[in-house]
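The values are calculated or read from the model by the stated rules, or taken from the named source; none is laboratory data. Fair warning: this is a prediction, and the values are worked out from it, not measured in the lab. Cβ placement follows ideal geometry from the backbone for every residue including glycine, while neighbour counts extend to all protein chains displayed.
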Amino acid sequence: MTPIFFFEKKKLKLNKVLLNNKVEKDFIINHIKPLSLAGKDDLTFFESIKYKQDAVKTKADACITTDKLKDFLPKNVQKIIVKNVLLTLANVLKKIYPYADIDYPDISLKKPINKKYKSVKFGNNVLIGKNVKLGKNTTIGANTIIEHDVKIGRNCIIGSGVILKNSIIGDNVVLQDGCKIGQKGFGFIPVNGNNIKFPHIGRVILEDNVEIGSNCTIDRGSVDDTCIGKNTYLDNQVHMAHNVKIGSNCMIAGQVGFAGSSKIGNHVSIGGQTGISGHLIIGNNVKIGGGSGVVKDIEDNTTVMGYPAMPFREFLKNKKQ
């Protein structure tokens, strides 16, 4: 994941962004990435035992972590020991990407030039930012805004009143009216009674044949990406928070809400008004009944319902009592 939508103030050394922390080996930071994606000259972070499996395999050069978690990291990874991992990470992000914690309006927006997008159809009052790429035979509805560097594939239908930023869209994707995709997620760190904003440098990635219903909101990733797999359909008014990953061939009914960093498998069906808590793993071929509250991981091939969500037979048994 390269943060093409957020540009570094300048290349900074590790010691420069971690002034109050001991740095054994200094280097110029290439990118800040999650444990599983980080490589040479990258800085990563490890704040929860839930991500132990990613930590033991990370290839990052340095990792912000705690004294309790440091031993799970490979020996060759430089450990930056802090009390509050996410607060330190937020401060580092702000130094490297100073414009990522507020969604400033894209001042490069202009009316599309028909010569540049010969095979694209535009409604009235469409605005396009710099370096936008639009695939052949795509249609874009009235009053839609597509900000800088967004990529949209072929044969897509982008409805009216859509706002797209920090996103990469595949082929044959449908975005119905009023969708807001790629905006900053809801990330704050409480410190001494104050809320500290957490910058978001990730993207939204929609794979081929995805359909998003009217008035859905899909937040970009914080350090990772927010992703939706091929042939997945979202009904109207669905909210996806930062870093959520939904697999392929899923069906998500109206008013479902996903909290940050949850991972949803393939062929998953979720009924309307269901809430999915953060940092959960929902397996493949799972069915979740409408109005459920999911607060823990769900294994493959499971049907659940209720609050808290439980196996369907157990839910029916409790209803009879």
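A few comments on the model shown:
- Candidate set: the stretch 204-229, residues that are among the hydroxyl-bearing types (Ser, Thr, Tyr) and touching a strand residue (DSSP E or B) at 6+ places or on another chain (Cβ under 8 Å); chosen: the one surrounded by the most Cβ atoms within 10 Å (Cβ to Cβ): Thr226
- Residue tally, condition closer than 23 Å to Gly185 by Cα, of a type outside the set (Val, Ile, Thr) and touching a strand residue (DSSP E or B) at 6+ places or on another chain (Cβ under 7 Å), over the stretch 252-292: 10
- Entry remark, the stretch 165-189: residues being touching a strand residue (DSSP E or B) at 6+ places or on another chain (Cβ under 8 Å) and more than 16 Å from Val238 (Cα to Cα) number 10 in total.
- Being within 23 Å of Asn172 (Cβ to Cβ), touching a Gly at 6+ places or on another chain (Cβ under 8 Å), part of a loop (DSSP other than H, G, I, E, B) and free of Cβ contacts under 8 Å to residues at least 40 places away in the same chain holds for only one residue in Asn285, Asn215, Asn231, Asn301, and it is Asn215.
- Enumerated strands (runs of 3 or more DSSP E) restricted to the stretch 96-203, each holding at least 2 residues that are surrounded by 20 or more Cβ atoms within 10 Å (Cβ to Cβ) and outside the structural domain of Leu234 (by TED's automatic domain parsing): none
- Annotation note: of Gly290, Gly278, the sole residue that is touching a residue at least 24 places away in the same chain (Cβ under 8 Å) and either outside any loop (DSSP other than H, G, I, E, B) or under 18 Å from Gly247 (Cβ atoms) (or both) is Gly278.
Here's the yes/no breakdown for (1) assigned to a loop (DSSP other than H, G, I, E, B); (2) surrounded by fewer than 18 Cβ atoms within 10 Å (Cβ to Cβ); (3) modelled with pLDDT under 95:
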position: Asn236; (1), (2), (3): yes, yes, no
position: Asn243; (1), (2), (3): yes, no, no
position: Gly260; (1), (2), (3): yes, no, yes
position: Asn266; (1), (2), (3): yes, no, no
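- Test: residue in the stretch 93-116 that is among the aliphatic types (A, V, I, L, M), under 20 Å from Asn215 (Cα atoms) and either touching a Cys at 6+ places or on another chain (Cβ under 9 Å) or modelled with pLDDT of 85 or more (or both): no
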